[in-house]
Structure formats: structure tokens, C-alpha cells
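**Student:** Below is one structure. I have some questions about it.
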Amino acid sequence: MEKLVKLQIDGKEVHAPAGMNLIDAGHLVDIFIPNLCYLKGMKGFGACRLCLVEVEGMKAPVIACNTRVREGMVVRTQTEKVRDIRRFVLDLILAIHPLDCMTCTKAGICKLQEYAYEYELKGTSFTRKKMGYPIDQINPFIRRDPEYCILCGRCVRVCKEQGTNVLDFIGRGINAEIGTAYNKSLRESGCTFCGSCIDACPVNALPEADRWRKGREWEYKKIQSVCLLCGSGCDILVSVKDDSIQKINAGEKPGSSKKYICAYGRFGYDYIEERTKLTNPLKRVKGELRETTWKDALSIVAGKLKEAGKNIGFISTAGILNEDALTLKKFAKNVVKTRNFDTTLSLYADVRSLVDSQPALITNSDLIVLVGLNPSQWNRALPALDASIRKRVNRGGKLIVINSSDTRIEEAAALSLKGDEVQILKGIAKALINRGLKADKQLKSAVRDAEITEDMEKAAKLIAEADSPRLFTAPSLFDATANIALIKGKVIAVGLESNARGIALAGLSTEGKTYKEMVNDRMKVLYAIGEVPLSTRPAAEFLVVQNSHFTDLAEQADIVLPSTTSFETEGTMIDYLGRFKHVHQAIESMGLTKSHRDILIALSKIIKPAIKKPTDAEIKKLSKGKPKLTFSPFARKEGFELSPHEFIESVNASVLKGRRLSWLKEAVAAVAV
């Protein structure tokens, strides 16, 4: 249990954990100390000097972001002396900052504007200076305008902590600025365009490139939701005006250093307004797809499903919501009465590895072991995992990378072991047992012949000495990695799709033909839900495609049913860390689109028996399962060989064809050349 110290802040008694800084301690009793450079979760930086406070017994004011609580400390945050200092600091900042608050896009959430109002500053008492820095706006994502920069360093620090290292301080004194190496544009500097700097910036120096005249902050309806584009399942904040998405930010609270989403999650939303967005059902007439009514489309599909008997297959992505997954399972088993239902999850994982994954948080780990995974912010394969691990390492955690190939994340590792992952894990397990850690007889017997190298011994030492090691593994290596967790630590299999764990817990896994078999066998009816990674028509007599966009596969279908996007529906999902999350509807559904579950329920009413939406109890039950780890032979599961990067791109093909993300793909290709 952490030790608490007692202190006073502005007359209020505070019980704060030892080592906490004064800004965070103030928050415990709703006292907010002004600051422009502090980010919760990171060490105090002291760049802005606004958080100066008086502490009884100290000769001069101290900065609250870097001052730790002490027993009996008496702190005053609003004395005349500290208010005068803050007013002076703000006066200096305003001397080099544009005073266009009336039209500034940051108005309403600008911290400088907020403090200028609080300290009654309409302008500056100093001679104003315009620096004349050029604006970097040759990309469709981020507009970098150094004229607005207040040198708080937030963008530099988040960029460095997550390992992208694009922004830094340049120059000294009045001529100091924040920029890229050699003052290149963001496009030329290796920027991933994740936009972490947008969320971190307290002023208008780093807004979205298209932010101008898209509405004021107070006009937006803001909806907390989840990005469903990859296995990270990041929290997002969707800003909506006039039933149109204006921007997306990371979902963490303002001022938190935990904020991260990649370029796909932040800027990919414009795909919902692309010409390929489906708004009406389509049916094939004389070789061409033509618009039809829901009644007609559902009647045709219901008829084909009735005629096909048991030779019917349902394939789906593992990015659909829990409610859709349970509805699909009920529809296939109870209405159509087929055991042929499977998802893209089966292409990269087995169900047990995800069901038996243990709940864990990266932020609570002092040691992270990465097995057979290559997360990357640069090619956007599980980018949030990459960023989170790098952040944890920069805050004192350690990383061990075990992989048969080169990975970029190993540059952040305390130890990197290359080679056959199974043999490396086997050697580490033996080394842990040799150190006196407990293991059952089967496990001891399995590693008896294992060879232990010097690096394996080092890895075992790090795991043995860690308080809370977390082992993140590719699903194909789950059993071998779980054997280490049986000795010490927690093991988490990382899926490639947002709701892979929810799909596994819902039991949406075939009891008949597998995904691959249904695609390759000649099914009488094949029913594809979501953007499955197929560009050519499978060997099916009748093909139904149920998706939000007109894909290559939809173009070859016999019936196309328009479904809603994640922004147009409500539901839940379970991320790879075992967290139960809510996806909230941000905008009204376009045209005549329906959610996956509503389409299946409407079909069930025609075919009989009719099914209902899953109950809250059924949904909550998914997150109550307890992982069960048992010894399994050290082996790699076969049949899951695919490129995570290519797979993630294929199940998000419609998103990547959006206006801005198309530019990103071309820009990355151009830089590579």
C-alpha cells in the first residue's frame, strides 16, 4: 500500500501519495494550479513558470509541477505575489503571441486565452514582436504555425516519449523555436501524423490542417467512443456539428500524457462521406448491380438461405461489435441452423489464446516482454501498443524483445533476443526454474533439455527481479509464452482486430467449416459481413455482402446490404487488455443503412424463428470469464502466417481510400523512394 502524506493547500487538508507533485495533489481537492507545460503522467518540466506557488518556510516561490509533497507542507497557490508573477509571465507570452482570439480556431479550449481572462490581460504592456516564422502546411493533417507557439515543450515531450522524435527545440532565448531537424516539413521529417502534438498543444500552434471555419469548440457535440480500425481499440473523442464529424481526438482527459491515436484513427473518418459509401441495398439484375428496396433484398436473401439447406456459410471480420457477434451466432445456429460461421480472427489466432489472455495494464508494469510481435507506429501495425511500450520504457520500465526477425521497437529494449522464439522461451523458463522460481513437474520436464544462453540468463534475471512483468505475445506463441507466466507474470495475446477478444469470448468460432474452407469450397450461399480481406469472388453459388462501403468484393456480389459504420451505431467491445468499452453513436445513419444486428434480426423475422437483440446481461457476461492457464507443450501454432501490416490494411481498405489517408500512403511511398 502506498504511503500517504498530509499537507495543506489553500487551507484544505490533502492526503496525497508520497512523491506526488503539487499540481496533482491539488487536483485531489479540486484546486487547479495554472500551468501551460505540465502533462499528467510525465515529470514536471518547468518551462512556463505559471505554476509557481508559495510554500511556508521557503524563501521564494517554487514550481508546483516539480515540487513533491512533504509531510506537514503548507502551500498557497493564490497569494498576491504568485498572482503578480503569473500575470508578468502571461504578459511576456502575449508580447510574441497573435491576439486574434475572436477568430482563432482554438478559442474556447485555449489555455492561454483562459489564463489571460482570469488574470485580466487584454494585451501586453511590452513592445510586440512578430517572429515571421514560415507555416508548415504542405500536408492534409497538421498545420504547424510557429507564430502561435509559446515554447511550452508539450509537443516535443510527447513526440520524444512515444519514440517518434520529430519535434525539438531549436535556438536559444528570444529566437528559440520548436521545429524539425534542419527545419524540414513534417512530411519530410519522418512524421507519422499521429497528431499527438495536436492533443498536447495548449494553443493554436498545431491544429488540424482543415480545422479553419469548421465550427467553434462550444458548438460541437462531443462523443466518447472507440476506434475499431485495428487491434489497439483506442479511446477516441468525436466532435460533431450539424450531424457531421468535424474532428477526432484521443479519448483521454485533456492534459494527460496517455493520449494517443494513430493517423488512421484520427484522420480516417472522412471515408464515411466517400462516394463508395453504401446507402441503399443492391441486387444483381442481368449482370449489373441496381438499387432495390430493403423488402426486396431481404426477401431474396431469405429465399436463398431457405433453399440452400445446410450448405450455407457466414464469414465476418472480428471488428464487429459484441452485439453484432452474438446476433450473428444466434442467427446462424438458431434460424439458418448451420454450424458454418467463422471470422477473420481464425486467420491469425485461435480462440483459446484470446479467451485465456489475462487482464493487464501496460502502465502498471515494470517489465514488458514482447514475444513474436512487431508493433510499429510507422507502418501502423498495432501503433498504440508500440507507443505505449515506448512511453513505459521512458518512464522507467524495461523491455525485452523476443523475435525471429528484426524489429524497430528493439531500439527501446533493455535486451533483444533474436532466433526461434519457442527455443528462447524454453531456455528462459529453464533459467527461471534454476533461479528457484516454482514450476510444476510437467513444465520442469519440458525444459530439461533446453539450452540456456547468456542473453536467456539475463532475460530470466530481469523477469525474476521484476515486480509485475507483462508478456505480450503473438497468438501463435501464446502457449509457449503462457508457460513463462505460469512461473511469473501475466500473459496477453494481442489480436489484430479491435474486438478480437470479444469475438472469442462470444464464441463466434466455427463448429463446422472454417473461414478458409468456406471461402474456397463451393458454398450454395456465402454471407460476408464487414470488410473481409477478399478482393476476388469466392467459389460460392450466391454471394451476399453486408458492408458499409462498395468494395471490390461487393462489386462481385449478388446482393449487397448496406450496413452502418462504427460512427453510426451503438455497442460494446473488449480490447486486447480485457477492458470492456462502449462504442457510442456519433452521427445519424446515412441513407437506408442498418446495423449488422438489425439486418440479421429483420431476416430472422422472414425465415423464422425471429430473434431479438442480445440483452445487457448477455453482453456483460462476456467480460466475466476468468482465464485458465495450464501447461502446454512449447510449440508455435501453425496456420497463422500472415503480415499484420498487410492484413490491417486489407480489412480497412475503404478507410484507406479516403481523401487524406490516400495522400499518406502516397507520401510514405515517395519518401521510401
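**Student:** Please enumerate the residues belonging to region 130-143 that are surrounded by 21 or more Cβ atoms within 10 Å (Cβ to Cβ) and closer than 23 Å to residue 383 by Cα.
**Tutor:** 141, 142, 143
**Student:** Can you name the number of the only condition in (1) touching a Leu at 6+ places or on another chain (Cβ under 9 Å); (2) open to solvent by 10 Å² or more (accessible area, probe 1.4 Å); (3) farther than 29 Å from residue 499 by Cβ; (4) at pLDDT below 95 that residue 179 fails?
**Tutor:** Every condition holds for residue 179 apart from (2).
**Student:** Is it the case that some residue within region 122-144 is out of contact with any Ser or Thr (no Cβ under 9 Å at 6 or more places or on another chain) and part of a helix (DSSP H, G or I)?
**Tutor:** no
**Student:** Suppose we keep only residues that are farther than 23 Å from residue 82 by Cα and free of Cβ contacts under 8 Å to residues at least 40 places away in the same chain within region 1-16. Which one would you say is surrounded by the fewest Cβ atoms within 10 Å (Cβ to Cβ)?
**Tutor:** Checking each candidate, the answer is 1.
**Student:** Tally the residues that are in a loop (DSSP other than H, G, I, E, B) and surrounded by 14 or more Cβ atoms within 10 Å (Cβ to Cβ), restricting the search to region 48-69.
**Tutor:** 10
**Student:** Let me ask you something else. Out of the residues in region 182-212 meeting the condition of being open to solvent by 40 Å² or more (accessible area, probe 1.4 Å) and assigned to a helix (DSSP H, G or I), tell me which one is nearest to residue 664 (Cα to Cα).
**Tutor:** Result: 183.
**Student:** Just need a number here: residues in region 350-386 that are of a type in the set (A, V, I, L, M, F, W, C) and closer than 20 Å to residue 227 by Cβ.
**Tutor:** Total satisfying the criteria: 9.
**Student:** Moving on to the next point. May I ask you to list pairs of residues, at least six apart or on different chains, whose Cβ atoms are under 6 Å apart, with the first in region 152-168 being on the phi > 0 side of the Ramachandran plot and the second being of a type in the set (Gly, Ala, Ser)?
**Tutor:** As it stands, the answer is 153/47, since those pairs meet every condition given.
**Student:** When the residues of region 271-298 are filtered to those that are free of Cβ contacts under 8 Å to residues at least 60 places away in the same chain and of a type in the set (S, T, N, Q), which remaining residue is farthest from residue 608 (Cα to Cα)?
**Tutor:** Residues of region 271-298 free of Cβ contacts under 8 Å to residues at least 60 places away in the same chain: 273, 275, 285-288, 290-293, 295-296.
Okay, now just the ones that are also of a type in the set (S, T, N, Q), so 292-293.
Working: 292: 23, 293: 21 Å.
If we take residues in region 271-298 being free of Cβ contacts under 8 Å to residues at least 60 places away in the same chain and of a type in the set (S, T, N, Q), then 292 is farthest from residue 608 (Cα to Cα).
**Student:** Give me the residue from region 321-379 that is acidic (Asp, Glu) and out of contact with any Leu (no Cβ under 9 Å at 6 or more places or on another chain) and, out of that set, surrounded by the most Cβ atoms within 10 Å (Cβ to Cβ).
**Tutor:** 323
**Student:** Another question, if that's okay. Being over 23 Å from residue 650 (Cα atoms), among the small types (Gly, Ala, Ser) and not in a helix (DSSP H, G or I) is the filter here, so list the residues in region 374-404 that pass it. Don't jump to the end; show me each part of the working.
**Tutor:** Going through region 374-404, the residues over 23 Å from residue 650 (Cα atoms) turn out to be 388-404.
Among the residues that remain, those that are also among the small types (Gly, Ala, Ser) are: 388, 396-397, 404.
The answer is 396, 397, 404.
**Student:** With 96, 109 as the choices, which residue is under 20 Å from residue 175 (Cα atoms), among the aliphatic types (A, V, I, L, M) and open to solvent by 40 Å² or more (accessible area, probe 1.4 Å)?
**Tutor:** 96
The values are calculated or read from the model by the stated rules, or taken from the named source; none is laboratory data. What you see is a predicted model; the values in this text were computed from it and never measured. As a convention, Cβ positions derive from the backbone with ideal geometry for all residues, glycine included, and neighbour counts pool all protein chains shown. Surface areas here come from the heavy atoms of the whole protein model, side chains and all, with no ligands, DNA or RNA. Shrake-Rupley method; radii C 1.70, N 1.55, O 1.52, S 1.80 Å.
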